[in-house]
1. Looking at 313, 303, which is the one that is away from ligand 2 (no atom under 15 Å from the Cβ) and either within 19 Å of residue 348 (Cα to Cα) or not assigned by TED's automatic domain parsing to the domain that holds residue 359 (or both)?
2. Going through 459, 409 one at a time, which residue ends up being surrounded by fewer than 17 Cβ atoms within 10 Å (Cβ to Cβ) and either over 18 Å from the mean Cα position of the chain (by Cα) or in a strand (DSSP E or B) (or both)?
3. Can you tell me how many residues in the stretch 234-271 are more than 21 Å from the chain's Cα centre (by Cα) and open to solvent by less than 20 Å² (accessible area, probe 1.4 Å)?
4. Looking at the stretch 82-109, which of its residues are among the small types (Gly, Ala, Ser) and under 25 Å from residue 341 (Cβ atoms)?
5. Kindly provide the set of residues from the stretch 273-294 that are in contact (Cβ under 8 Å) with a residue 24 or more places away in the chain and surrounded by fewer than 17 Cβ atoms within 10 Å (Cβ to Cβ), ordered by number.
6. Kindly provide the set of residues from the stretch 190-221 that are within 16 Å of ligand 1 (Cβ to nearest atom) and open to solvent by 50 Å² or more (accessible area, probe 1.4 Å), ordered by number.
7. Kindly provide the set of residues from the stretch 296-336 that are open to solvent by 10 Å² or more (accessible area, probe 1.4 Å), within 22 Å of residue 215 (Cα to Cα) and touching a Leu at 6+ places or on another chain (Cβ under 8 Å), ordered by number.
8. Looking for something open to solvent by 40 Å² or more (accessible area, probe 1.4 Å) and part of a strand (DSSP E or B) - is there at least one such residue anywhere in the stretch 159-174?
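The values are calculated or read from the model by the stated rules, or taken from the named source; none is laboratory data. Computed from a prediction, not measured in an experiment: that's the story for all the values here. Note that each Cβ is placed from the backbone with ideal geometry, even for glycine, and that neighbours are counted across all protein chains shown. We work out accessible area using only protein heavy atoms, side chains counted, and drop any ligands, DNA or RNA first. Shrake-Rupley method; radii C 1.70, N 1.55, O 1.52, S 1.80 Å.
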Amino acid sequence: MGTVLCGGTIVNADSVAQEDLRIAGEMIASIGKNLVQPGDQQIDVSGCFLFPGGIDPHTHFDLDVGSTTTADDFASGSLAAILGGTTTVIDYATQSRGGSLADALATWHAKAAGKSYVDFGFHLALCDCTPQALAELAAVAERDGVVSVKLYMAYKDVMQVGDADLLRVMQICRDQGMLVCLHCENGELIAALVTEAKAAGRLEPAQHAATRPEVVEAEAVARAVAIAELSGCPIYIVHVSSARALSLIRQAQQQGLPVAAETCPQYLVLDAMRYDTQGFSAAKYVMSPPLREKHNQEPLWQGLQDGAIACVGSDHCSFDFVGQKEIGRGDFSRIPNGIPGVENRFGLLYSCGVATGKISLSQFVACISTGPAKQFGLYPRKGVLAVGSDADIVVWDPGQSCLITAASQTQRVDYNAYEGIEQQGRVREVFLRGLHAVQAGRIATGPTGCYLMRKKRQQGEDTACTNSR
Ligand code: URP
Ligand code: ZN
Ligand code: ZN
C-alpha cells in the first residue's frame, strides 16, 4: 500500500510542476498523474507546495561549551526541526582537547541515539590537530561516513586552529575527498580587541559585536581562500554574515577555486540594531559572527539568487536568556555564543525570501535542501523530489500564516530571536522516509530519525544547483 499526494505543486531546485507524487515504503515511487493503485491512501494537497524535506547543514545540539551546555538536545532540537519543515540535520560532533575523533563521534552517536525525530549526520569539529587526530581523518570518512570537517579560525585558546594546521588538514581532506568547513574570523585580532574593551571598562553585550567587526571576518575569509588555493582542497565557509566577506568568496569562485558558502537566517533578517538596546537583553543576539548593519542583507539575498551562496544553515546553538546568557552579565566575553533557529530556518526563508519576491521557489529549495545535500554527500538520496529518492517531503500551505513566538515554539529555549515576525506560509504535513511524521502541523510519530553515512566527493564533482526561476 502506498500514499499518493494529489493536486499539489512539486518544487525542485530545477523545476516547478503540477504533479501528483506516490510514496511506497521509504521512497518516492512515482511522480506524474493517475498514480493511485489499489489499497493506496490518497491525500489531497491542492493549493500546497511539495518541497524536499529541509536539510539544515549547521546545528549544535547538546553541545558543552565549557561554562554551560546548549538548551536543546537531540530530542528537543530535532522535534523543533521537523515541525518547522526540516527532515535532516548535520550536527557538529566536536572533538575535546586532546581527545580522539573516534571518541567525539561515539559521544555524538550516544547523544542522538533513539532521540532524533529527523535523519542526521555529523561533521567533525576539529579543535586539536594532534598527529593522532590527523591520522584518524581518513578512517572517519571511510568507516563513519563523515566527510566534512570544521576548523575554527576564532575562539583563541579554545578551538582556534593556526594556519599550518589549516593547511595540513586541507591537504589530508583534499586527498580523502572531504570538505573543510571554516569558521572565518581572526581569533588573534578578536582576542586583542576584547582585552582592550575590558581594560577600558566596556563590558556590555554590544561589545561582542564591536570586538568582531567585519574586517576580522574578511581577513579570515581571504586567508582561508589562500590556503584552499595552496592545498587545492574544496572549502565551505560557514555562517557568512557580511557583504564584504561574500565579495571575497565571489572573487575566489570567479577564479575557479572550489569555495562554497553558507549564510544563516539571522544575517538575512536581523541586523546590528539589536545590540542598541539598553541593559543586558542584547545578549540574546550574541553570536559569532555578530549581526551586521542592514545594508549587508541585500547582497546576501543576491548571493542566494545567483548561487554564490549554496546553503542556508540555522547555526542553531541555543542558550536560555535566564541562567545561560546571563553567565556573561558584567563581562560580554563570557556570554555563550549562539542563537536558536532550527525550527524557523525553513519558514523564515520562505516567508522573507519567496513570499517577498527576493528569491524564487526553486532558489528557496536550492538553499534550504538541494544545496546542502549536494555539498555534504547526501544527493540524490536527499535534497530532491525524484523517483528513488527518500520520501522526505514537506507539504507547505502558502495560504496559512503564523506568528513566530517563544511561547508557541518547540525549541526548548526561553526566547526566540525572531519574536513577533509574521511567517507567511506554514508546514501542513511532513513525511520522513515515507512515514507521515507531521500531520496537520502536529507530530504524529516518535523519534524515528536514523544516522546518515555520507558520500565522499569525487575529484572536480559539480555541487552547484541549476535553478529554474
Ligand atoms: O555563535 C555561534 N555561531 N555559535 C555556534 C558555534 C559556531 O561558531 O558556529
Ligand atoms: Zn562557527
Ligand atoms: Zn555553528
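1. Values: 313 fails: away from ligand 2 (no atom under 15 Å from the Cβ).
Just one listed residue meets the conditions, 303.
2. None of the others qualify; the one that does is 459.
3. 1
4. Correct list: 84, 85, 93, 104.
5. Within the stretch 273-294, 276, 281 meet the criteria.
6. Selection gives 210 alone.
7. 297, 299
8. Yes, that holds for at least one residue.
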